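**Q** Okay, handing you the structure first.
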Amino acid sequence: MSQFFFTLTNPEATLLLKKEMSIGYPNFKLSYSRGGFLTFKAENATTFLPWMCRLSGICLGKVPLEEIKALPKAWLWKRVESFEPPSELIELSEKSLFKIGEKVTLIMMIGPEEYWLGEYVLKKTHFQTPGEVSSIEKRETPSRAYYKIAEAHEAFDLPMEQQEKVLELGSAPGGASLFLLDQDLQVFGVDPAEMDKNILKNYNFKHIKKAFETLNVTNFGEDIDWIVSDVNLPPSVVMNEVDRFLTFLEPRGVVLTLKLHQDRYLRMLKPIVESFKQKGFTQVELKYLPSYRQEICLIALR
């Protein structure tokens, strides 16, 4: 029996999502797409959990507005922020509450008068927002990396404790460092480039102005609790260095933003997940975060 599925992704990841579908879901055929909204058709499908999208689920198709207004409970997501839905839909969305494990009905406003319905099960790692948009408050930061680590922290409820030590690879100019310092963590920022001057003033920050490939245990000691990286290098390069650090460090967790600028990097993700599991990490997950472009978050916790 035919089943339709929807995905919501960021425009920069559309081609990667299509490539992932061709690799991981070869029986799924692209059905309809509009700027970040893609639907697929499959026969006898059982699971559908692609990585390169903020959200995915069962697609119930295009639905007339009057039918949507009659829904008892639903969230509303707009494909374009400037779209103006009827006030009834806004009120419906604002008053609708869903619990973890509950099936969410999602109204997707794809055009000014075009509405689609979808369903998905709300998970703990979802942002609890319609369309999986970021709930992180906007502020002045040194770089976009602030929002990426903040979103990872919220989505996975990362168990970072005050004054734990974080080794951040590729820290300049300091976006992720700012968030980590805000959590009262000690940050060893490794980057030959300059850091934001306000980051350097923080007593919990130490700038190791070197390429991380040259580091060894004498640069920061053995008691590192977390390894964090958002460095703009291929996943294979990042993992080679992380693997090297794991020969003399035993962090509680690893949080990596892996850049996927080439299709072939998609095939590296499953082996990377398995390699962390083999190293004794009990929770290893991938997630496409709201602030992402052609990249994906990997977390590994012991």
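Since every read-out is calculated from the coordinates, none of them should be taken as a lab result. These numbers come from a predicted model, not from an experiment. All Cβ positions, glycine included, derive from the backbone under ideal geometry; neighbour counts span all protein chains shown.
**Q** Once you wrap a convex hull around the alpha carbon atoms of the range 2-132, what is its projected area averaged over all directions, in nm²?
**A** In nm², the orientation-averaged hull projection of the range 2-132 is 7.7.
**Q** For the pair LYS124 and LEU233, how long in nm is the line joining their label points, each one 7 Å along Cα→Cβ?
**A** 3.3 nm
**Q** When averaged across all projection directions, what area in nm² does the alpha-carbon convex hull of the range 117-175 cover?
**A** Dividing the Cα hull surface by four gives the mean projection, 5.6 nm².
**Q** Can you list the chymotrypsin sites (Phe, Trp or Tyr not before Pro) in the range 93-137 that are in a DSSP coil and have 15 or fewer other beta carbons within 10 angstrom?
**A** Answer by residue number: there is no such site.
**Q** For the range 40-100, which GluC sites (Glu not before Pro) are in a loop by DSSP, counting at most 14 other Cβ atoms within 10 Å?
**A** Sites meeting the loop and neighbour criteria: GLU81.
**Q** Trypsin sites (Lys or Arg not before Pro), restricted to the range 6-108: which are DSSP loop and have at most 16 other Cβ atoms within 10 Å?
**A** LYS73, LYS99
**Q** If I take R0 = 45 Å and measure r between the Cβ atoms of ASN219 and SER31 in this structure, what FRET efficiency does the formula 1/(1 + (r/R0)^6) give, to the nearest 0.05?
**A** 0.30
**Q** Still on this structure: What is the ratio of the Cα radius of gyration of the range 145-301 to 2.2 N^0.38 Å, where N is its residue count, to two decimals?
**A** 0.96
**Q** Working from the pairwise distances between different alpha carbons, so that the mean of 1/r is found and then inverted, what is the chain's Kirkwood radius in Å?
**A** Every distinct Cα pair counted, the radius reaches 20.6 Å.
**Q** While we're on this one: Could you calculate the contour length gain from LYS41 to LYS209, that is, 0.36 nm times the residue separation minus the distance between their Cα atoms, to one decimal place in nm?
**A** 55.4 nm
**Q** Can you tell me the length gained on complete extension of the stretch ASP243 to LYS69, counting 0.36 nm per residue apart and subtracting the Cα distance?
**A** 57.3 nm
**Q** For a 20 Å ceiling on Cα separation, which of these pairs sit above it: LYS209/LYS259; LYS19/LYS41; LYS29/LYS73; LYS18/LYS259; LYS124/LYS165; LYS29/LYS287?
**A** With Cα atoms farther than 20 Å apart: LYS209/LYS259; LYS29/LYS73; LYS124/LYS165; LYS29/LYS287.
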